[in-house]
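> The structure's right below; bear with me while I get my questions together.
The values are calculated or read from the model by the stated rules, or taken from the named source; none is laboratory data. For clarity, every value in this text was computed on a predicted model and none was experimentally measured. No Cβ is skipped: glycine too gets one built from the backbone with ideal geometry, and neighbour counts run over all protein chains shown. Side chains included, ligands, DNA and RNA excluded: accessible areas come from the protein's heavy atoms. Shrake-Rupley method; radii C 1.70, N 1.55, O 1.52, S 1.80 Å.
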Amino acid sequence: MAAQINPSILSADFARLADEAKAVEGADWLHVDVMDNHFVPNLTLGVPIVESLARATDTPLDCHLMIEAPDRWAPQYVEAGAGSVTFHVEAATAPVRLAREIRAKGARASMALRPATPIEPYEDLLPELDMLLIMTVEPGMTVEPGFGGQAFLDIMLPKIRRTRELIKKHGLELWLQVDGGVSASTIEQCADAGADVFVAGSAVYGASDPAEAVRALRTQADSATAKASWACDH
Ligand code: DX5
Ligand code: ZN
């Protein structure tokens, strides 16, 4: 599978979301960060805006819920038109039941890990998921649109590698997404470690040509994947 690039609208102009979606036509998904000011120290947007954005763009929406009580809220994001819904395992009460409910409603089910959350306790849950998101910054801290995001945490690379090994061990189709500080200088390390879906906020919307930034990141990721041992030795 070619690397997928998901621009994060957290770095876009929230007053012009439909235009900002058009500015990255050719992106695989639009990454939508939902923050509730409880799970993370920032407040962004909710169900009504996701509903409007889903009507305004043909690019599928990848909703990343950085919220408490995802068991209660996540299904509403599927109904609002999201094609993929990610909940945080640290916030979910019943992650297996929630992943099944998201899938049953017709979206891809995805689970996110904060930087300090290990993958190993969740090995048996992986078949219930369509994607696993590994945070490569502390979530919720990217506040100012148009400003650089946080620095990429390269101490997360071993977790990405171990997760890719688990995916191979179980023969799963699971996508492995990285989110936070992904840019031209870090995307190759992520692809080499085993990521295949890349969220990029400031690296895309901070560029003078966001659509070109998406293409350039994809080219970089594809060539790093072609050289990566995880992608070759099957
Ligand atoms: C962080 C968000 C990210 C953020 C990434 O809390 O989950 O999706 O938008 O922004 P960059 O790519 O600028 O680090
Ligand atoms: Zn995100």
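> Got a number for carbon plus sulfur as a percent of the chain's accessible area, 1.4 Å probe?
Here carbon and sulfur together make up 52 percent of the probe-accessible area.
> Calculate the length of the line joining the C-alpha centroid of the stretch 7-54 to that of the stretch 199-234, in whole Å.
Comparing the Cα centres of the stretch 7-54 and the stretch 199-234, I get a distance of 20 Å.
> On to the next question. Compute the distance from the alpha-carbon center of the stretch 110-181 to that of the stretch 56-90, in whole Å.
About 16 Å separates the Cα centre of the stretch 110-181 from the one of the stretch 56-90.
> Size of the dipole of the stretch 4-232 about the Cα centre, Lys and Arg at +1 and Asp and Glu at -1 on the beta carbon, nothing else charged, in debye to 20? Intermediate values should be presented prior to the final figure.
Numbers: 19 positive and 32 negative charges, 92 e Å.
It comes to approximately 440 debye.
> Heavy-atom accessible area per residue, the chain, 1.4 Å probe: how many Å²? Kindly include the intermediate steps, with their values, before the conclusion.
Numbers: 9980 Å² over 234 residues.
Computed with neighbouring chains in place, this is 43 Å² per residue.
> Here's something else I'd like to know. Spelling out what I want: for every residue of the stretch 111-124, take phi, set θ = phi - 60°, compute 6.51 cos²θ - 1.76 cosθ + 1.60 (Karplus), and round to whole Hz; glycine and proline get x.
For the stretch 111-124, the Karplus curve yields 10, 10, 10, 5, x, 8, 9, x, 7, 3, x, 10, 3, 6 Hz.
> Just to check I understand the Karplus step: with θ = phi - 60° and J = 6.51 cos²θ - 1.76 cosθ + 1.60, what whole-Hz values come out for the stretch 194-208, glycine and proline as x?
Listing the rounded values in order: x, 6, 10, 10, 10, 8, 9, x, 5, 5, 9, 6, x, 7, 5 Hz.
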